[in-house]
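Below is one structure, written out as structure tokens; the observations come after it.
Every number here is computed from the coordinates shown, using simple stated rules; none is lab data. Here the structure is a predicted model, which is why all the values come from computation and not from measurement.
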Amino acid sequence: MEKAKQTIFIINAELGEMPATTNNIIKFLNSKNRYELEDLGVDDRIETTLEVKKVLKKKNLVVRLTKKCHTLEVAINR
């Protein structure tokens, strides 16, 4: 259980504020046209958006893992 808690802590530290800014990045990418994105060095809007969404998926997995750990810990303590 301690190993899982340590892993969750490390992943949360790695993610930092990224999940909060991810939606803003996606909105920004969607607000630009192809030429503006090329000027920014973004070749493929869809691929870039999918890469950014990986942060949200990772955060959701960590949240679910945290809930599972808490549930298991409560069950063990009973």
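Quote the relative contact order of segment 2-77 in percent (integer), defining contacts as alpha-carbon pairs under 8 Å separated by 6+ residues. Please report the intermediate quantities before stating the final value.
On the way: 29 pairs, mean separation 35.3, N = 76.
Relative CO of segment 2-77 lands at 46 percent.
How large is the convex hull of the C-alpha atoms of the chain per residue, in Å³?
On the way: hull volume 6.9 nm³, N = 78.
Once divided by residue count, the hull of the chain is 88 Å³.
Past 28 Å, Cα to Cα: identify those pairs from Lys32/Lys68; Lys32/Lys54; Lys3/Lys27; Lys27/Lys68, in the order given. It would help to have the intermediate numbers written out before the result.
Working: Lys32/Lys68 40 Å; Lys32/Lys54 21 Å; Lys3/Lys27 36 Å; Lys27/Lys68 32 Å.
From the list (Lys32/Lys68; Lys32/Lys54; Lys3/Lys27; Lys27/Lys68), the Cα-Cα distance tops 28 Å for Lys32/Lys68; Lys3/Lys27; Lys27/Lys68.
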